[in-house]
There are 2 protein chains.
Amino acid sequence: SLIQKNDRLKINKTLTMDTLNPQVKAVEYAVRGPIVLKAGEIERYLEEGGTKPFSEVIKANIGDAHAMGQQPITFLRQVVALCTFPELMDSPSFPEDAKWRARRILQGCGGHSLGSYSASPGVECIRKDIAAYIEQRDEGVPSDWENIYLTTGASDGIMTILRLLVSGKDSSRTGVMIPIPQYPLYSAAISEMDAVQVNYYLDEDNCWALDINELHRAYQAAKQHCQPRVICIINPGNPTGQVQSKKCIEEVLHFAYEENLFVMSDEVYQDNVYAPDCQFHSFKKVLYEMGPEYFSSVELVSFHSTSKGYTGECGFRGGYMEVINMDPEVKAQLVKLLSVRLCPPLAGQAAMDVIVNPPQPEEHTFKQFHQEKSSVLGALAEKAKLTEQILNAVPGIKCNPVQGAMYAFPRIFIPPKAVEEAKALGMQPDMLYCLRLLEETGICVVPGSGFGQKDRTYHFRMTILPSIEKLNVLLGKVRDFHISFLKEYSGLE
Amino acid sequence: SLIQKNDRLKINKTLTMDTLNPQVKAVEYAVRGPIVLKAGEIERYLEEGGTKPFSEVIKANIGDAHAMGQQPITFLRQVVALCTFPELMDSPSFPEDAKWRARRILQGCGGHSLGSYSASPGVECIRKDIAAYIEQRDEGVPSDWENIYLTTGASDGIMTILRLLVSGKDSSRTGVMIPIPQYPLYSAAISEMDAVQVNYYLDEDNCWALDINELHRAYQAAKQHCQPRVICIINPGNPTGQVQSKKCIEEVLHFAYEENLFVMSDEVYQDNVYAPDCQFHSFKKVLYEMGPEYFSSVELVSFHSTSKGYTGECGFRGGYMEVINMDPEVKAQLVKLLSVRLCPPLAGQAAMDVIVNPPQPEEHTFKQFHQEKSSVLGALAEKAKLTEQILNAVPGIKCNPVQGAMYAFPRIFIPPKAVEEAKALGMQPDMLYCLRLLEETGICVVPGSGFGQKDRTYHFRMTILPSIEKLNVLLGKVRDFHISFLKEYSGLE
């Protein structure tokens, strides 16, 4: 039948760029965008024996700790392996501390198996462990386990909450306030839902601090053409690495209270604070301390994840959100919406449980766990400092301190001639810069334009995740590239 | 600060039932709907010492095999445990067959860790294994690994593809053809995206077969008010359990070809065929055999999952889709959309790999694997038969043969007086029936109205997953309940 006469070949496809959902077309996601596709091409070219001025592509485009060589936390993996293959409960090479946690998790699973669906909000005992963890983290501020929803990574939770807030028919009237620079999940979700992105600019000259006057400005400007309903905050900042002060958080919450905004607080980097003068303050704790008229009214969702912190377990797609002051009827709708996708992956839920219920000082596993955790966080602090220092020594690069999270977002001077060349090529100047950096050094970083930035400023985001040795080499190459780029396009230096 | 004067209490919430996205409000998902919430309440009541005419709630509402006591396939769990905790590679208690698979999967992961993000379409070697599996399943029909996309369960893949096809602004003009009865993920997704649900009715009198004339009728009727662009098929059927004949599939594909419809083929039950005169035919293979003018043009996506088959690994949230004849530019858009959620969970990807790359006859692990697999599938076949037989012996219940999948969807006679009572209570008659069944016997099944059915017919869906012993008890209780229900409402028997 393969050689039937082909007399009526169907030419037109049903799904084409013309008929594709235009909201999907509008989505941009720089972290895995064109530059990363190019990096993949170069990798394949090298594998197939091609030659370049470098021997490997270093992907500093995404916060993917294990891919950069970070070792998993032994205890976490032991618990998840025990849950996966309970026959290991009999193995003497697994510690009792891990076994009782695995047993407890499995008790909460249907048929005591990680292969069952959980309730859509997650396994009950894991939700309880998370609530207990939050109470401890926030020094006694109460947390109700029924406000905890496990998620498939933080991205999933953020999309779900936005889906509730952005109304299909009215989408183009719903304003979502996001920081600029931002993590592009936010702009992608806003595009996909056809909502209105309301930018508030972080203050680069003030270490990327959030300025309350800028929030007011952005809000008032947006009111002219939409109804701002949500404010998104990323603390510690991605890509900017700043850690918000308690005073700043109070101001944001007061603003949200005054303007009736729903608050989405992306706190996935809560364990990644390096600057000695900085401290993570949860939005929830600050709200509590502002008094009951705030704590009983401001609608707040906080997001956390297994992917960051000291565990870096991105592949497990684990996370949770805590939902405060949500209308009970709306909460029922949230559960219904979650239930359509059945439940978050159970291995990710188990990983999340270990993060909120880690070995305690009196447990045998504590010492190794604590060593591994400190080693990861200590190295990150060192790499944050190193990155800032080396970048700031390069003429034409200015990098704010990496107070937290996993990225540097340096400002780069791009000579006018390079800006013109980029424009002629129809690309952003920092895209040209990053493509050249990739082609010449094998280093893959993401242009600032993918995160948003003030007009006529240019940046890139790089992770600080490579090993110290590799990071030193990488930063040295960035320096050399930048100097020669300046020379090429300005004839100076 | 907690006792500050509360002089300005904010009353109005930002997110209320009035401001909630109405498309979310419109979503219904019966499989985890009101009846299941009620079952949870009763479970808690029993746990707290309350008494009922039964001692436990039996949840036959959802295809959750492990929760019903099915044991995981040892080999699958060994591979996933090895991937999770690679120190186990040194353990003599894990078979070499499992170790080499785990090593191979980890080779494909960043940093050789399950904790890394994979590429958004999934780990490359797993995509290749899936393509090889499909070629073997379809007796040589070629499969390109670049057409394979791992998913977070099949639901995730189905939602993603619909998202491409349903345009935000034009959503209310996009028709999506679905079988009735259907699995409510489809109607839920259609509601959430505000597309138009175009029902084609399966023929209950003909063992739930798909009748091509009914497809034409539904299509022509829909053309009056929308543009049908997609046809969804579930084969083997959920909740109906029918297995489509090759001829029927040819007719559907020819129809899709003629009418330029995008075909979504939900084939998650492809390993669950019990009737001796039935066989699973993949839409792709049938399309191939129809000749190149079809095989090179009809846009087809087929979905599979780790959750069903003989593994029943729902909690891993694993699955894949194979995408045929999609416009290359649209495929790039699909990858972009997938990348916003980064990647499917790696443990689920690993589980999927074991399903498509199981132990071979020459491997040491084959015997145990084969025994476990046959035992699960053999028991399911037996339970399918048992369910049909016992239900058909009840006056007022008529159940088509369960040819495949995991459910019976019997038609139940509900006396007019009960129908009236339900209407007075503002509920569907089969909801009343299922609620009474739950209250009186502890058996949780889902009303047919949650799946769709012809007017004035009533059904429920129950899984055939409980153990033979439990299923016998369950079916006996259903029989007794039904007889007394008839008696109560009709005075007859």
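The values are calculated or read from the model by the stated rules, or taken from the named source; none is laboratory data. Note that the structure is predicted; figures quoted are calculated from it, not measured. So basically every Cβ, Gly included, is an ideal-geometry build from the backbone, and we count neighbours across all protein chains shown. Ligands, DNA and RNA are excluded from the accessible area calculation, which covers all protein heavy atoms including side chains. Shrake-Rupley method; radii C 1.70, N 1.55, O 1.52, S 1.80 Å.
When the Kirkwood hydrodynamic radius is evaluated over all pairs of different C-alpha atoms of chain A, what value in angstrom, to one decimal, is obtained?
Roughly 24.2 Å, rounded to one decimal.
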Of all DSSP beta bridges located in the protein assembly as shown, what percent are antiparallel, nearest 5?
50 percent
For peptide B:82-93, how many partner chain Cβ atoms fall within 10 Å of a residue's Cβ, on average?
5
Please identify every one of the GluC sites (Glu not before Pro) in segment A:318-362 that sits in a loop by DSSP and has no more than 16 other beta carbons within 10 Å of its own beta carbon.
A:E362
Using a label position 7 Å from Cα in the Cα→Cβ direction, what is the ascending list of nm distances from B:G426 to the same site in the other copies?
5.7
Give the residue list of GluC sites (Glu not before Pro) in segment A:50-107 that are DSSP loop and have at most 13 other beta-carbon atoms within 10 angstrom.
A:E56
Inter-part gap, Cα centre of segment A:283-329 to Cα centre of segment A:151-206, in whole angstrom, is 17 Å
Would you mind giving the total buried accessible surface between chains A and B, with a 1.4 Å probe and ligands, DNA and RNA left out, rounded to the nearest 100 Å²?
9200 Å²
Any idea how far apart A:D211 and B:E440 come out in nm if each label point goes 7 Å out from Cα toward Cβ?
7.2 nm
Under the rule of at least 5 residues apart or a separate chain, name every residue whose amide H is placed under 5 Å from the amide H of B:I58.
B:I443, B:C444
Length gain on complete extension for the stretch B:E258 to B:Q224, per 0.36 nm per residue less the alpha carbon to alpha carbon distance?
10.4 nm
For the protein assembly as shown, what is the accessible area per residue in Å² when the probe is 1.4 Å?
36 Å²
Alpha carbons only, please: Rg and Dmax for segment B:166-308, in angstrom.
14.6, 48
Computing the accessible area with a 1.4 Å probe over protein heavy atoms, can you report the carbon and sulfur percentage for segment A:117-356?
45 percent
Segment B:14-36 and segment B:217-281: distance between their alpha carbon centers, rounded to Å
29 Å
Label zone at B:K246, where the point sits 7 Å out along the Cα-to-Cβ direction: segment B:106-147 residues whose backbone N lies under 14 Å
B:138-141
Restricted to segment B:117-356, the DSSP antiparallel beta bridge percent, nearest 5, is 35 percent
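Please compute the alpha carbon radius of gyration of segment A:55-124, then divide it by the globular-protein estimate 2.2 N^0.38 Å. Two decimals is fine. Could you put the intermediate results ahead of the total?
Values: Rg = 16.2 Å, N = 70, 2.2 N^0.38 = 11.1 Å.
My calculation over the Cα atoms of segment A:55-124 gives 1.46.
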Go through B:179-189, B:240-250 and give me the packing order, highest mean Cβ count within 10 Å leading.
B:179-189, B:240-250
Keeping to pairs on different chains or 8 or more places apart, tell me how many lysine pairs in segment A:293-429 have Cα atoms under 19 Å apart.
7
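Can you pull the mean other chain C-beta count within 10 Å for peptide B:59-66?
Other-chain Cβ atoms within 10 Å of each residue's Cβ, averaged: 4.
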What translational diffusion coefficient, in µm²/s and rounded to a whole number, does the Stokes-Einstein relation yield for segment A:117-356 at 10 °C and a viscosity of 1.306 mPa s, taking the hydrodynamic radius as the Kirkwood radius over Cα pairs?
88 µm²/s
Of all DSSP beta bridges having both residues in chain B, the percent classed as antiparallel (nearest 5) is 50 percent
What is the diffusion coefficient of the protein assembly as shown in µm²/s, taking the Kirkwood radius over Cα pairs and the Stokes-Einstein relation at 25 °C with a viscosity of 0.890 mPa s?
83 µm²/s
Put a label point 7 Å from Cα along the Cβ direction on B:E124, then list its distances to the equivalent points in the other copies in nm, shortest first.
4.6
C-alpha center-to-center spacing [segment A:401-419, segment B:421-483] in angstrom
62 Å
Computed curve, segment A:368-493, Cα-only Debye sum without solvent term, log₁₀ I(q)/I(0) at 0.10, 0.16, 0.18, 0.20 Å⁻¹, is -0.33, -0.76, -0.94, -1.13
Using a 10 Å cut-off around each Cβ of peptide B:341-353, what is the average number of partner chain Cβ atoms that fall inside?
6
Over all distinct alpha-carbon pairs, what is the Kirkwood Rh of segment B:4-157 in angstrom?
21.2 Å
Computed, not fitted: 222 nm per-residue ellipticity of the protein assembly as shown from DSSP H runs ≥ 4 (each -39500 (n - 2.57)), nearest 500, equal to -13500 deg cm²/dmol
Whole-percent pair-distance distribution, where bins are 5 Å wide, for the alpha carbons of segment A:299-442
2, 7, 10, 12, 12, 12, 11, 12, 11, 7, 3, 1, 0
